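Coordinate-derived values only; no laboratory data. Predicted model only: the values in this text are computed from it and were never measured. Backbone-built Cβ (ideal geometry, glycine too); neighbour counts: all protein chains shown.
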Amino acid sequence: MVSAGSNAQNTFSVLTNGTPIVKVNLYDVQGRLLKTKTNLQLTAGSNTIWSASELSDIASEMVLYRIEWQNAAESGELKGKVLFLK
């Protein structure tokens with residue numbers, strides 16, 4: 001299982017109960033790509049993808065995300081939105 005979110009410090013983290021390899025994209029509400037990271041090997045638990053300083057250049061408060069993940073047995077995709085507090 002993979003889930004994502006943003007906390008009060010405006011880090012973008014992914015929580016997983018396994019060790020998937022992921023590709024993570026962030027988009028503004030118009031669909032423009034803001035940030036991307038590929039081939040990240042995650043560990044079980046919380047994994048910070050972007051720190052607050054890495055996200056400081058994002059002007060949008062509402063950000064859409066798309067996470068593509070895979071492990072040895074399966075693959076999937078997770079989409080959603082997060083609110084960055086400024």
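Numbers below:
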{"item": "Pairs where the first residue, in region 12-34, is farther than 17 Å from SER51 by Cβ and the second is in a loop (DSSP other than H, G, I, E, B) and among the hydroxyl-bearing types (Ser, Thr, Tyr), C-beta under 8 Å, 6+ apart", "result": "THR16/THR43; THR19/THR43; ASP28/SER60; VAL29/SER60"}
{"item": "Given (1) closer than 16 Å to THR11 by Cα; (2) within 14 Å of the chain's Cα centre (by Cα), index of the condition LEU85 fails", "result": "(2)"}
{"item": "TRP50, sole failed condition from (1) in contact (Cβ under 8 Å) with a residue 40 or more places away in the chain; (2) surrounded by 15 or more Cβ atoms within 10 Å (Cβ to Cβ); (3) not acidic (Asp, Glu)", "result": "(1)"}
